[in-house]
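Quick notes on the structure that follows.
The values are calculated or read from the model by the stated rules, or taken from the named source; none is laboratory data. All values reported here derive from a predicted model rather than from experimental measurement. Glycine gets a Cβ as well: all are built from the backbone with ideal geometry, and neighbour counts include every protein chain shown. We work out accessible area using only protein heavy atoms, side chains counted, and drop any ligands, DNA or RNA first. Shrake-Rupley method; radii C 1.70, N 1.55, O 1.52, S 1.80 Å.
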Amino acid sequence: MHNYLRAIGFSNLQNEKDIKEILTEVFHDFDEREVSREGKNKAFVEYTKSFGENMGIKMCGIMDTDGFHQEYYFPYFRGTGVTSREDLMVEKHGSQESFAGVMEDARVGVSLIFYVQNAVAYKKACVDQMLLNQPVSTTFSGLSDKGEILLPICKSEEQLQSDREAVSKRNKLIAAARKGDEEAIESLTLEDMDTYTMISQRIQEEDLFTVIDTFMMPYGTECDLYQIMGEIKNVEEAVNKYTDEKLYFMTLSCNDMIFDICINQKDLLGEPEEGRRFKGNIWMQGHINFEKELD
């Protein structure tokens, strides 16, 4: 049973029989079906069933002359807007026909790895060689199984402007360092040393989360799991129309990146409001946006 089904409102599933009933409904009463031909009399098929706005379950497998053979399923939450336009690399998972995206985004500071939501669209793009001659963007989203709400850090407009300038300057230095600029590498090294010294001094008398207002770092043993803290830009309440469980959709600003997350109200400690901060664990997903519509 998938651990993040509870994030979209399936927290009361007890066994494989329960999830089998839901997957049967996904197969027989799907909202979308995407197909990528794999050869003669064989195709990779993706069934999508919505259980609320922008969320649901995708079931994927092989269709041949003997019928449909399920390979895997996963809960999804579709984000809004565009999170990143950086170049990305996509790798197939070893055990099944699913994919992981890898992106080097200067705002995060580490290689950002996410689970690709639209596998069929990606496979079609590879066949049509669309990735070679058109730009793509990515919309990130996250499913959270545990989180809490923190109060915001009080900052003046001058401090906010200073922070924005510092982030912009650091991103430019990282971009230059990637190209081998030794002066940029040295500046980043000195800046990190200064930051470490500042934090070491302030942490003696202040709480950690009054010093650090946002972060994103890998969490656990799987490469697409992260622990994050970000500022809440928007909050919406939602309901799983199958189970009637209540959820929160939140738009976050984390490390200067904007993306949406979904969490079950049962798993969130505190009351989310715009301006407050969310801290929790997420499974990062990404929808690759192709400029040209795929048939």
Taking segment 244-295 and keeping residues open to solvent by less than 40 Å² (accessible area, probe 1.4 Å), free of Cβ contacts under 8 Å to residues at least 60 places away in the same chain and over 21 Å from VAL108 (Cβ atoms) leaves TYR248
Among the numbered conditions (1) exposed (fewer than 15 other Cβ atoms within 10 Å of the Cβ); (2) at pLDDT 80 or above, tell me where PRO135 comes up short. (2)
Conditions first: (1) in a helix (DSSP H, G or I); (2) open to solvent by less than 50 Å² (accessible area, probe 1.4 Å); (3) in contact with a helix residue (DSSP H, G or I) (Cβ under 6 Å, 6 or more places away or on another chain). LYS123 passes all but one, so which condition is the exception? (3)
Can you give me the ranges of the strands (runs of 3 or more DSSP E) entirely in segment 1-96 with at least 2 residues that are open to solvent by less than 70 Å² (accessible area, probe 1.4 Å) and out of contact with any helix residue (DSSP H, G or I) (no Cβ under 8 Å at 6 or more places or on another chain)? 42-52, 55-64, 67-77
Residue identified as basic (Lys, Arg) and within 17 Å of the chain's Cα centre (by Cα) among LYS233, LYS266: LYS233
Among the residues listed as SER84, SER95, SER50, the single one being free of Cβ contacts under 8 Å to residues at least 24 places away in the same chain and under 24 Å from MET250 (Cα atoms): SER50
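Any chance segment 59-79 includes a residue that's aliphatic (A, V, I, L, M) and in contact with a Gly (Cβ under 6 Å, 6 or more places away or on another chain)? Even if it seems obvious, please write down each step before you answer.
Of segment 59-79, the ones aliphatic (A, V, I, L, M) are 59, 62-63.
Add one more test, that the residue is in contact with a Gly (Cβ under 6 Å, 6 or more places away or on another chain), and what stays is none.
Within segment 59-79 (the criterion being aliphatic (A, V, I, L, M) and in contact with a Gly (Cβ under 6 Å, 6 or more places away or on another chain)), the answer is no, since none of the residues qualifies.
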Complete set of residues in segment 80-98 that are modelled with pLDDT of 85 or more, touching a Ser or Thr at 6+ places or on another chain (Cβ under 9 Å) and not hydrophobic (A, V, I, L, M, F, W, C): THR80, GLY81, THR83, SER84, ARG85, LYS92
Any residue in segment 1-13 that is more than 16 Å from GLN285 (Cα to Cα) sitting within a Cβ distance under 7 Å of a residue that is open to solvent by less than 20 Å² (accessible area, probe 1.4 Å) and aliphatic (A, V, I, L, M)? List the pairs, counting only those 6 or more apart or interchain. MET1/ILE19; GLY9/LEU247; LEU13/LEU5; LEU13/ILE19
Quick one: which residue in GLU165, GLU182, GLU237, GLU158 is closer than 30 Å to LEU13 by Cα, surrounded by fewer than 12 Cβ atoms within 10 Å (Cβ to Cβ), of a type in the set (Asp, Glu) and free of Cβ contacts under 8 Å to residues at least 40 places away in the same chain? GLU237
